Structures are given as structure tokens and as C-alpha cells.
Amino acid sequence: MNFTIVCRACGAKHEYERPLPTCPTCNKDWLDAEYELTHPQQPNAHLAQRGHEWLRQLDGRGASLWRYRELLPLKSNENIVTFGEGWTPLLKAHNLGLMLGHPNIYIKDERQGPTGSFKDRQAAIGISAMKEAGIKEAVVASTGNVAIAYSAYSARAGIKLWVFVTSSVPADKMREVALYGSEVIKVAGTYDEAKRVAAEFAASKNLFLDRGVKGIAAKEAMKTLAFEIAEQLGNIEAGQDMSVLNGSRWPWKVPDWYLQSVSGGLGPVGVMKGFAELKRLGLVSKLPKLACFQTSGCAPMARSFHKGLAVAENVKEPRTDISTLATGAPGEAYEVLRELILENGGTIDAITDVAAFNALHLVAKMDGISVEPATAVTFAGLFKLIREGKIQPHETVVINCSGHTFPVEKHIIGEHYTRDMTLPDTSELAKANRSREEGLLTALEELDSRVQRITIVEDNQDASRLIRRILQAQGDFHIDEAQDGQAGLRLIQETRPNLVILDLMMPELDGFGVVEAMKADPTLKDTPIIVITAKELTEDEKDRLDGQIKALLQKGSFMDSDLLNDIQKALP
Ligand SMILES: *Cc1c(COP(=O)(O)O)cnc(C)c1O
Ligand SMILES: [Zn+2]
């Protein structure tokens, strides 16, 4: 579809020829692309008609962001520079959802981009637009991931890239940038200073400067996230496997919430533009509520939002270990995001680095997803909004899982995460008159030092799996499971566990019955019991359990650390 350039400050419209540094009318620098969403031959045709026509065009197209080609800002397909980015999976967070009691949490897995973050979308469109404009050399400032993505794509496009980063960007990330052949300039200062130096360098050398959120390409790239989310949610709700493209037969769907950690705020600005275009095309009926998260050490947007400021107060000296999110001067992006939130609902909140690191470990342990700290900020934000009751249990939430772990694991799991195994020395074995196999068996025995035994009695298989997963990830327990009270009691009598985790509502013998039977058995009466229940207990039921159990946890409202704390307290 045709598009024109629109200036946010003066509203002037200009024909798109090539990426512009500023508005030719007023010289301000925030520019947007506006598409001709109506039908050129039938300007009065209903918009929804145009939308559904477009859906039919998507039929049979491949699984990349280029399937939305009509709404992307390139003139010719010949200039597309691609690694097949986009159409990342939308995954249900099964275990996290169970733990939190929120069944509709989805993870948009942007770690699966070619360089491991959602900046691959930006690079694909940004570098393609540069190639189309005949640009051979360009300058970009980055908190890390843009540098990596742009470097890979510009290598493919034959563009020389000058990358300005701060010294707080992890060395492993900088090395990857250099690997792709970019010039890496490390600025000893804040990210905002690095941005300024990059702009001055570009001006002095007369080189093309990537303008991030203010330019066209970056926002247009991020809006493909909205298209994919709406299309995939539609597929999932229709019972389709979201990885199979069925030619968009299903109604598209907008989630109740879109969550993302922000630095410059490009992601949500672009994503909300995408949802707004779908709404104008008549393909969806609303925009999602928007929750953005920053780290407390660099939270100009969160602080300004809670103060009710229309213009952001900058943070001059960011103090955070999460360098990806270290933009202290968000500029107009804050104003755009604030307007979007006031209109559609949502918030901008701050999260401590510690809360983010805890969330990082939890998401990896519970759902097998290893993210970088900037992404963990979003998960910590999810936990916060759920705790505060802002996100309701029935609501559909999509989390931008924006980037892969990279070199941070060492800060989270320390140095002593392996179990060391020494293989038996043959001369020692001969002296002890034992075979190599015997020696190996002893060494293997020593590997597994689990001594405590825990029995889970729970008829709901999902709940049982969740509890088992929490215990498995902690490492030190033998776990036995039973699906009803009768079988559970037999198992407890046979295995004599150190602790019992018990559900109340079960067939055959319920949890109350199991407690009473254990208390009546002199050999089991001191075995600690933790009850996990789905129902609110009546006063009478509470009385029956009073003094008999060590802890009571409500299903869907405890974190793994709550359960582990209770277990630690209960074990002798
Ligand atoms: C860039 C980035 C962010 C912040 O995104 P913006 O929308 O630019 O503020 C968050 N997480 C990761 C992994 C990133 O690379
Ligand atoms: Zn203007």
C-alpha cells in the first residue's frame, strides 16, 4: 500500500522517497508512515472490506514478518535484506500460569530471532531501507542488541557500520558486534552521551545516522509484532497450531495486555501503531492495555508517569546492571506512550535489578525459557501487576520475550553450579581389590546426595506437575506422587517421607481424611504436612486443620520461593 511521511509536530505530509533526517516543513525530527488503508480505486469502500481483502492476500505466504509486506515501508522487494526473521512462536506459559493462577499468559518468543533479540525486526527493515536508499556506510548508537542485529544485517547488505556503545555493554556482546566486521566505539559515559557522540560523528563525516524511534523504519518494524500476535492469538483461539499458517482464516485477536520492558520505548510505540492499523482495517476491535517496565536505577518514564508529568524528567546517571535498559532521556517516546496508556489503559512501572534477576531464574526453572535481564524485567513486572490485582486472572496477557540470556548466567547461578565427579583411579582400585565398575558405581552414588523424601498427594495432574517442577529445580528431594487420598496414604505408609504435600479435594479419601489417618498412626503423626488447596476454607474446615499442618497455601497464588520457604521451615 502507498504511504506518506507525516510529521508528529506539524502534521505536514510528504511523499516518501528515502529516509529523511527531519521534517522538510518544520525541521522537527519525529516522523511516521501513514498508509493508504482505503482502496485506491474505491476510496469510499468500507475499511473492513480493505482489511479482509488484505487477509486474503496473505494466503499462502511464508512464516516471516515479510508476509505483511503491504504495510512495510519499502518501495521494492528487491531491496529486502532478510535472515527469515519474524513469525516467532507465541507460547503459552503453562507452569508460570499455573503458579500464578492466570491461565492466559503468552510469551512471544523473540529470542528466536537470527541474533537473539527483537531488534532483528528493526535491523531487517532498517537495513533494507538503507540498502534501498543506496546507503553504503551508516552510524548507530546502541545499548547492545541493536548493535548486534544491525551488524549482522549490514554485513549481509554490504554496508559499513559504525557502532557507538557504552562501556557498560557486556564484553561478550561487543565482541559479537566486532565479529560481524563493524567498527565498535566504546564511549566512557552514559548511553545518552554515546547517542550524542554518534550523531556528531555522523554529521562530521556526512554519514547516515540511524534515528531509532524517531525514524520510520524502526516503528514499522516493531508493528509486525502486533500483526503476528493478533494473527497467532486468532489461530490459537480457533484451536489451530500457531506454527501452521492456514492463510489467515481465523478472526484476528488482540490480547487484553501487552507487556514489555523499555529503554527508548521503540517496541511499544511500534506495536501499538500496529494494533491501531489493524483496528482501522476493521480486523480487530480494540487496542491492548499497555504495561511498560524500567529498572529502578534508570526509570525516567516510570517516575514521570507516576508523577503525572506530560514530559519526561531525565535520569542523568543511570544506576543499573541491566545496560540494555539504560536510556536516561526518553524524549518524545515517553509522551507518545503516556498518551497511549491514558487512552487504552495500562501503566509504566519500575522494577529493581534484584527482582529482575530472581524472575530470570524463576522463568528458566519453571518454563525452560532463558532470557536476558532486560527481558526478566518484564516478567518481574508481570508478577508485580498480578500481585497488585491490576491484571485479572481471566485476562489474556502477551509478554514480549525480547532477548536471550547472553553472558549473564554467571551472575545468577554463581560458580558452584556443577556436581563434580572424580573417576576412580585404577591403581587405587587394584589396592582395594575392586573392579572399575564397582568404583564407578560408588562415584555415581556420591553424585546423588538427595536424602529428603517428599510425597505429593494431588489428583490434579497439572498442579502435581507444578509442585514436582518446583522441587526438582531445587534439586535435593526424592519425590513420590499419588493421585488420590487412599493411594497417597499407602505410599506414605510404605516410603515414610520426611514431608507430605497434600491437596484437600480428592476422590476416595480426601485430604482431611489423610491428615486424620496420619495423626492416628503413632509412626506418622509427627510427619510434617503442607496443604495446598484450590478452595477457600470454611471456619469449620480451618478448625479441623488447626495445629495439624505446618502450612496452608492457596493454589494459583504462591510462588516457588513461598513453597520452598515453607518446606524448609517444616523439615526437621
Ligand atoms: C531494546 C531492548 C529492550 C527495550 O526496548 P525498547 O522498546 O527499545 O525500549 C528490551 N529488551 C531487550 C532484550 C532489548 O534488546
Ligand atoms: Zn513538521
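In the stretch 451-570, what percent of the accessible surface is made up of carbon and sulfur (1.4 Å probe, ligands and nucleic acids excluded)?
C and S fraction of accessible area: 43 percent.
Considering only DSSP beta bridges with both partners in the chain, what is the antiparallel share in %, to the nearest 5?
So the antiparallel bridges in the chain amount to around 25 percent.
What is the Cα centroid distance between the stretch 554-572 and the stretch 212-227, reported in whole angstrom?
Using only Cα atoms to place each centre, the spacing works out to 43 Å.
Can you list the aspartates and glutamates whose alpha carbon sits under 17 Å from that of residue 205, skipping same-chain ones fewer than 8 residues off?
137, 183
At 222 nm, what value in deg cm²/dmol follows for the chain if DSSP H runs of at least 4 each add -39500 (n - 2.57) and the sum is divided by all its residues, to the nearest 500?
Working: 20 runs with 233 residues, N = 572.
Dividing the helical sum by the residues of the chain leaves -12500 deg cm²/dmol.
Excluding the sites themselves, what is the longest stretch of the chain that contains no GluC sites (Glu not before Pro) in a DSSP loop with at most 15 other C-beta atoms within 10 Å?
Result, exposed sites excluded: 37-312.
Any idea what angle helix 332-344 forms with the longest principal axis of the chain, computed on alpha-carbon atoms, 0 to 90 degrees, nearest 10?
Helix 332-344 sits at roughly 60 degrees to that axis.
Can you tell me what the convex hull of the Cα atoms of the chain projects to on average, as an area in nm²?
Averaged projected area of the chain's Cα convex hull equals 33.6 nm².
Hey, could you pull the Cα Rg and Dmax for the stretch 442-507, both in Å?
Computed over the Cα atoms of the stretch 442-507, radius of gyration and Dmax are 12.8, 43 Å.
Please list, or write none, the aspartates and glutamates whose alpha carbon is within less than 12 Å of the alpha carbon of residue 214, excluding same-chain residues fewer than 8 places away.
By straight Cα distance, residue 214 reaches 29, 32, 332.
Isolated Cys in the chain by the 4.7 Å beta carbon test?
When partners are defined as cysteine Cβ atoms under 4.7 Å apart, the chain leaves 292, 298, 401 without one.
With everything on Cα atoms, drop me the angle between helix 461-474 and the longest principal axis of the chain, reported from 0 to 90° to the nearest 10.
The angle comes out at about 90 degrees.
With everything on Cα atoms, drop me the angle between helix 485-495 and the longest principal axis of the chain, reported from 0 to 90° to the nearest 10.
For helix 485-495, the angle is close to 70 degrees.
Among 265, 22, 1, whose Cα projects farthest towards the positive end of the dipole of the chain, with charges put on the beta-carbon of Lys, Arg (+1) and Asp, Glu (-1)?
Toward the positive end, the furthest listed residue is 22.
Give a quick list of trypsin sites (Lys or Arg not before Pro) in the stretch 71-123 that DSSP marks as loop, anything other than H, G, I, E or B, with at most 15 other Cβ atoms within 10 Å. Could you put the intermediate results ahead of the total?
Values: sites: 75, 92, 108, 111, 119, 121; in loops: 75.
Qualifying residues, ordered by number: 75.
I need two numbers for the stretch 451-570: Rg to one decimal and Dmax as a whole number, Cα atoms only, in Å.
13.0, 37
Work through the residues other than residue 162 whose Cβ is under 11 Å from its Cβ and net out their charges, Lys, Arg +1 and Asp, Glu -1.
Surrounding charge for residue 162 is -1.
Starting from the amide H of residue 499, placed 1.01 Å from N in the peptide plane, find each other amide H under 5 Å away whose residue is 5 or more places distant or on another chain.
So residue 499 has HN proximity to 453, 455.
Averaging over all projection directions, find the projected area of the Cα convex hull of the stretch 187-322 and quote it in nm² with one decimal place.
For the stretch 187-322, the mean projected area of the Cα convex hull comes to 11.3 nm².
Pop out the ³J(HN,Hα) list for the stretch 55-60 in order, Karplus 6.51 cos²θ - 1.76 cosθ + 1.60 with θ = phi - 60°, rounded to Hz; leave Gly and Pro as x.
My calculation for the stretch 55-60 gives 4, 5, 5, 6, 3, x Hz in order.
First compute the accessible area of the stretch 230-318 with a 1.4 Å probe, then give the percent of it belonging to carbon and sulfur atoms.
Solvent-exposed carbon and sulfur of the stretch 230-318 make up 51 percent of the total.
Under the rule a/c < 1.5 gives rounded, and otherwise a/b versus b/c splits prolate from oblate, where does the stretch 305-353 land using the Cα gyration tensor?
prolate
Report the trypsin sites (Lys or Arg not before Pro) located in the stretch 162-258 that are in a DSSP loop and have at most 15 other Cβ atoms inside 10 Å of their Cβ, or state none. List each step's numbers first, then the result.
Values: sites: 173, 175, 186, 195, 196, 205, 211, 214, 219, 223, 249, 253; in loops: 211, 249, 253.
Within the stretch 162-258, the qualifying trypsin sites (Lys or Arg not before Pro) (loop, at most 15 other Cβ atoms within 10 Å) are 249.
When Lys and Arg each count +1 and Asp and Glu each count -1, what net charge do the other residues less than 11 Å away from residue 64, Cβ to Cβ, add up to?
Details: positive: 61, 67, 69, 121; negative: 85, 120, 228.
Summing Lys/Arg as +1 and Asp/Glu as -1 gives +1.
With every protein chain left in place, what is the accessible area per residue of the chain in square angstrom, probe 1.4 Å?
On a per-residue basis, 44 Å².
The values are calculated or read from the model by the stated rules, or taken from the named source; none is laboratory data. Model, not experiment: these values are computed from the prediction. Reconstructed Cβ throughout: ideal geometry from the backbone, glycine too, with neighbour counts over all protein chains shown. Note: accessible area is taken over every heavy atom of the protein model, side chains too, but ligands, DNA and RNA are not part of it. Shrake-Rupley method; radii C 1.70, N 1.55, O 1.52, S 1.80 Å.
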